[in-house]
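The values are calculated or read from the model by the stated rules, or taken from the named source; none is laboratory data. The shown structure was predicted, so the numbers you read here are calculated from the model rather than taken from an experiment. Virtual Cβ from ideal backbone geometry, glycine too; neighbours counted across all protein chains shown. When the accessible area is computed, the model is the full protein with side chains, heavy atoms only, and any ligands, DNA or RNA have been set aside. Shrake-Rupley method; radii C 1.70, N 1.55, O 1.52, S 1.80 Å.
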Amino acid sequence: MRSIRVETSSATILLTEAPETKVKNRQTGEIAKDAVSGETLKTVGVVYIEDGESSLIKVTIPESGVGEGLALGSPVSLPGLVARPWESTFNGQQRHGIAFRATAVMAGAFPMAIGA
């Protein structure tokens, strides 16, 4: 399926869950790796706030993309953020959703208030 770029310049993104290693298979404990580079993947939880609405999302990033100085509740930037729709069948039930991936997660800054 096609990836859709997510424009983040007008959004506030706050870190809600520290980076942790992504597990591909919970039964075997297999760690998720990037299909091209073989690099270990991490996930972070963020709240994405834009136009007065917010969403909690998990974002997958390569291990080398985890920036320094990340703190829970602080603003972050997610360069290269894309959304990819997915669907699968699990135990006879159709499931679907949106997977988010970025090239990095780095400490960010709060946007400037208008008129400040």
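One residue alone among P85, P62, P75 is within 17 Å of S9 (Cα to Cα) and of a type outside the set (A, V, I, L, M), and that residue is P75. When the range 36-48 is filtered for residues that are surrounded by 15 or more Cβ atoms within 10 Å (Cβ to Cβ) and either modelled with pLDDT under 95 or among the aromatic types (F, W, Y) (or both), only Y48 remains.
Yes/no per residue for (1) modelled with pLDDT under 95; (2) touching a Lys or Arg at 6+ places or on another chain (Cβ under 6 Å); (3) among the hydrophobic types (A, V, I, L, M, F, W, C); (4) open to solvent by 40 Å² or more (accessible area, probe 1.4 Å):
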{"site": "Q27", "(1), (2), (3), (4)": "yes, no, no, yes"}
{"site": "D34", "(1), (2), (3), (4)": "yes, no, no, no"}
{"site": "G52", "(1), (2), (3), (4)": "yes, no, no, yes"}
{"site": "V82", "(1), (2), (3), (4)": "no, yes, yes, no"}
{"site": "Q94", "(1), (2), (3), (4)": "yes, no, no, yes"}
{"site": "G97", "(1), (2), (3), (4)": "yes, no, no, no"}
{"site": "A109", "(1), (2), (3), (4)": "yes, no, yes, yes"}
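Mind checking which pairs have a first residue in the range 90-104 that is in a strand (DSSP E or B) and a second that is basic (K, R) and open to solvent by 100 Å² or more (accessible area, probe 1.4 Å), Cβ under 6 Å, 6 or more apart or different chains? Sorted first by the residue in the range 90-104, then by its partner, the pairs are A99/R84. The residue pairs whose first member lies in the range 20-47 and is among the polar types (S, T, N, Q), whose second member is open to solvent by 60 Å² or more (accessible area, probe 1.4 Å), and whose beta carbons are closer than 7 Å, counting only pairs six or more residues apart or on different chains, are T21/I31; T40/I31; T40/K33; T40/E63; T43/E20; T43/K22; T43/K58. One residue stands out in the range 5-19 among those that are part of a strand (DSSP E or B) and closer than 16 Å to V76 by Cα: the one that is most open to solvent (accessible area, probe 1.4 Å), namely E17.
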